[in-house]
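The values are calculated or read from the model by the stated rules, or taken from the named source; none is laboratory data. Values in this document were obtained by computation on a predicted structure and should not be read as measured data. These accessible areas exclude ligands, DNA and RNA; they are computed on the full protein's heavy atoms, side chains included. Shrake-Rupley method; radii C 1.70, N 1.55, O 1.52, S 1.80 Å.
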Amino acid sequence: MIRKIIATADQFRTSGLTTAEMFKLALKQPPPENFQKFPVPSGTEILYTNSGKRKTLPPSPPHPEHPVRSIRFLKTHVLPVLEGQKEIRLAQGKRFTVVPEAKVEAKTKKGKGKGKGNAASASASSAPQQPISHNVMVWMPTQKPRIEKQILPSPPATLSGAAVGVGEDWGHLNRRRKGARDEKVKRDFALMVRVKSAENQERKRLAWEALQARNKEKQVEQDVQI
């Protein structure tokens, strides 16, 4: 089941998979027909150690009906075997996250201060968000694939913004709400472009490192032959 995931998942070959990501993909795979559910203690059994002390039952796995019954089972019983057989390797990768936008409550006041409060809240809400990268340990193929630079094109100039509301009809909103919605859609679309660009740059970096490693291996092979 795990071999099927590492053979078909595109993310495994490009940016790798963390143990948690691989566990989520494994749970999506249906168990074999002849698979027997992992026996779970009923809770009424009382066990004792050799010294006569009462033994505490271990916690039940979260998915006893699945071959990969827990992330701990995957980490301690499956992945070390594949790593020992040189099918996968543990490396350092990156993931990109976005800090949720802080909700700025506009303090409306009567008189002259009302306009200033709305202007301050609008400028704070329009501040661009930057994706934050953090290092993670990922599982990757043992043999780095030979990737040419032209296989990974740069991100397109225009992206489909339907997911963030670009092109939708906001005619049913009043002028104030329509203006606020348009500003939000612009910010979300700009954020999506930055995230896609950062992910593409990371893929290009990994591809370049794989190409450099492959060229180095070929040079070593030629030196050995000489």
Whose amide H sits under 5 Å from the amide H of Gly93, counting only residues 5 or more places off or on another chain, with H placed in the peptide plane? Val136, Met137, Val138
Greater than 19 Å apart at Cα, pairs in Lys4/Lys28; Lys4/Lys75; Lys4/Lys86; Lys4/Lys37; Lys4/Lys24; Lys28/Lys94: Lys4/Lys37; Lys28/Lys94
When all protein chains stay in place, what accessible area (Å², nearest 10, 1.4 Å probe) is found for Arg177? 120
How much of Asp188 can a 1.4 Å solvent probe reach, expressed as accessible area in Å² and rounded to 10? 40
Per-residue accessible area, 1.4 Å probe, largest first, puts Lys94, Lys184, Lys24 in the order Lys24, Lys184, Lys94
For Thr18, other-chain or 5+-apart residues with amide H closer than 5 Å (H placed, Pro excluded) are Trp139
Other-chain or far-sequence residues with amide H under 5 Å of His66's (modelled H): Phe38
